[in-house]
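Working notes, beginning with the structure itself.
The values are calculated or read from the model by the stated rules, or taken from the named source; none is laboratory data. All values reported here derive from a predicted model rather than from experimental measurement. So basically every Cβ, Gly included, is an ideal-geometry build from the backbone, and we count neighbours across all protein chains shown. Surface accessibility is based on the protein's heavy atoms, side chains included, excluding ligands, DNA and RNA. Shrake-Rupley method; radii C 1.70, N 1.55, O 1.52, S 1.80 Å.
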Amino acid sequence: MTNYATRFKLMFKGIPKTSVIEQKRADLFNEYEELKKFTNSDKLKEYNSLVEEVNSEDFKARVQKIKSTKFKDTEEYKKLKEYNKLKKEKNIIAWKKLNGSEALNAFQTMDSSQELKDYLELEVFILSDDFKNLKKDILNTKFKDTEEYKKLKRLKELKKAKDIKNFFKIKDSALLENYNSIEQSGKLALLDFEKIMHSEEFIEAKKSKEFKTTDFFQQFTVYNSFIKSKEYKDYLKLKNSTAFKDFQTLSESDKLKEFDELEKEVNSQEFKEFKAEMEDKNRWKKTEEYKKEQEYLSLKKSKKFKVYFKFKKSQNYKYYTELIDSEQLSNYKELDEYINSDEFKNFKATMEDKNRFKKTEEYATLEKHKLLENDEKIKWFFSVKDSDKFNILKKWKLTFEDNFDNDTLDKDVWLTSFFWGKMMLNESYSLAHDKHLYTDGKNIEINNSILSIQVKNEKAKGKAWNPEFGFMEKEFDFTSGIINTAQSFRQKYGLFEAKVKLSNADNVQNDFWMAGEKMLPHIDIFKFNSLAKKEIITSNFWQAETNKNGFEKNQEKSVIPTLQNDYYIYSLEWTPEKLSWKINDYLIAEQTSGLPDEELFIQFSSGINDSSNQNNLPAGMEIDWIRCYKQNEE
């Protein structure tokens, strides 16, 4: 054993009992909670408010003022004097006379009426440039000045055009009707017989005496009859005429399209109505604008509006409006209300009372402050609030806790197999050299809020990981359990604690450790093996490519014979600078090299080390609670 370990073995004679540690923690926590609760209490708020108030220069000045000031020295006296002066002012007297009068009420009624609003809107419209321009435009604009007149003129020009006249002459002619009839009838197909007439077969048949009895003769007769007919001659006459070619050209022209559009527009009811309106000499008088103009002129001459505008322009109303929002009138109203209030009357009476200080709120405030200043709770609060007594509680913030209050393990929090087995196989496995199989939760029990991981003497078949051959089926003589938070909780830096009672069985090993996505890094918060001289081992493993094993480690061993007798609190404090291992808040090891730089999860397991003694099984590790903290930011 190293000197370091020997030193710890001696020092552990002074490790406090777990019950003492937990009681001190509980007492400190409860007192701190009481401090936080009292910090927001109404009593403390009241006391602090009173302290701030009675020590303020304003409060001191008020007390001094109350004791020394006479009524004639007060602002209230000045207000009374100012009020009496304002009451005599001519403008205030005039305002009081006009305010609430029938004339003012009638004016205000009209001023807020929809009728006046409509009149003013009408006036704005009649006096607007838009109205004036519209009226001028209607009175001065003739039909000949419009675009519609230009369109009518253009239509007349087109109707006189020779090509348009010829177009409609052909369009409505019997020749075009005959032409379209032949084109659509299929009779032109008879002309195909001309090709047959030039054939040798037809020529030979025509020379024959029996020609008239042949099909050729019948076809020839029909063909000859058609080409000599009047309808075909009229068809050719129109088709070969220049006028017809002009007709076809004009049919697709923009000129004809323009003509059709203009004719349609000019013959529309809308155009006719517009033309009639523009040629109406009384057109202006028929508009809505003319009606509005006449309505405005009528209202302007009415008695009610004359009275309204006369009142509005009057000197009395001008005086009233100037005063109504003035500071002078506002001051008068405030003073009038205040001087006639019970508050002012009581103040005046109080100021003339020789014992008035003891009747003041300031005196009551001083008495209340004196009473709270001697309160035991207040004295305790100020004795601890700025001390370092609660620094350890302020340092940490709880990030994970399980007190195993339920009868079953929370599977949303805990995996009951190696994390890597869950990811790759979705089942539990052990290592090739293990004598026990980690079952998927069967060896985990919770009773009376205590979780136990039991190692049992029973055969089981499962997978074992061999680095050389991979996963292999193996027969095990023992079973055990493992739990970890790989799927629910990981953390980088902080305080990690568990209250644990180690197994009394010499052949059972208990482990509390931390790991991440890969096998490294790896921290043993403790590894306990009774066979190994009851040593508790704390370790840190990290990856090192230059090392032949691919990793390096720091490991400390401490012999503590009493650990199996009771529950102890095992903790690891992990900072960017170092790792610190403690038992019941007692430092047993520190390391500063190879510190992890990633989030790790926590893991607990038990296993069999020596299969020679099976009489002490089942046995295992008991866990009362697990807590993890993160350091609060400054």
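Summed over the residues of the chain and divided among them, the accessible surface reaches 62 Å² per residue at a probe radius of 1.4 Å.
Ranking LYS136, LYS582 by solvent-accessible area of protein heavy atoms (1.4 Å probe, all protein chains present), from largest to smallest, gives LYS136, LYS582.
Listed by chain and number, the aspartates and glutamates whose alpha-carbon sits under 20 Å from that of LYS239, ignoring those within fewer than 8 places in the same chain, are ASP163, ASP172, GLU177, GLU183, ASP192, GLU194, GLU231, GLU252. Computed 3J(HN,Hα) for the stretch 513-518, one whole-Hz value per residue from the Karplus formula 6.51 cos²θ - 1.76 cosθ + 1.60 where θ = phi - 60°, is 8, 10, 8, x, 5, 10, glycine and proline marked x.
Proximity of backbone amide H atoms, modeled 1.01 Å from N, is registered between GLY441 and ILE482 at under 5 Å, excluding neighbours fewer than 5 places apart on the same chain.
With respect to the chain, whose longest principal axis is taken over its alpha-carbon atoms, helix 102-111 is tilted by about 70°. Taking all protein chains together and a 1.4 Å probe, the residues LEU495, LEU371 rank LEU371, LEU495 from largest to smallest accessible area. The stretch 107-158 gives an Rg/Rh value of 1.42, both radii derived from C-alpha positions and Rh following Kirkwood.
Quick one: grab the alpha carbon gyration tensor of the stretch 1-146, order the square roots of its eigenvalues as a ≥ b ≥ c, and give me rounded if a/c is under 1.5, else prolate or oblate depending on whether a/b is larger than b/c. Cα axes put the stretch 1-146 in the oblate bin. Extension gain, LYS345 to LYS239: 0.36 nm times the residue separation minus the Cα-Cα distance gives 26.2 nm. For the stretch 529-634, the equivalent ellipsoid built from the Cα gyration tensor has semi-axes of 27, 20, 14 Å, listed from largest to smallest. Mean residue ellipticity at 222 nm, helices only, the chain: -14500 deg cm²/dmol; runs of at least 4 DSSP H residues each add -39,500 (n - 2.57), and the sum is divided by the number of residues.
The spacing between the stretch 565-634 and the stretch 413-491, judged by their C-alpha centroids, is 19 Å. Taking label points 7 Å from Cα along the Cα-to-Cβ direction, LEU98 and LYS379 give a separation of 7.1 nm. Taking a ≥ b ≥ c as the square roots of the eigenvalues of the alpha-carbon gyration tensor, the stretch 403-499 is classed oblate because a/c is 1.5 or more while a/b is no larger than b/c. Here the Kirkwood formula, the inverse mean of 1/r across different C-alpha pairs, assigns the stretch 453-533 a hydrodynamic radius of 15.4 Å.
Accessible surface of the chain, 1.4 Å probe: 49 percent of it comes from carbon and sulfur atoms. In this Cβ point-charge picture (+1 for Lys and Arg, -1 for Asp and Glu), the chain has a dipole of about 4040 debye about its Cα centre.
Divided by 2.2 N^0.38 Å, where N counts the residues, the Cα radius of gyration of the chain comes to 2.23. Taking label positions 7 Å along the Cα-Cβ direction at both GLU147 and LYS162, the computed distance is 3.3 nm, reported to one decimal.
Between GLU277 and GLU367, full extension at 0.36 nm per residue minus the direct alpha carbon distance yields a gain of 22.9 nm. Toward the positive end of the charge dipole of the chain, with +1 on the Cβ of Lys and Arg and -1 on the Cβ of Asp and Glu, the farthest Cα among LEU495, ASN48, GLY470 is that of ASN48.
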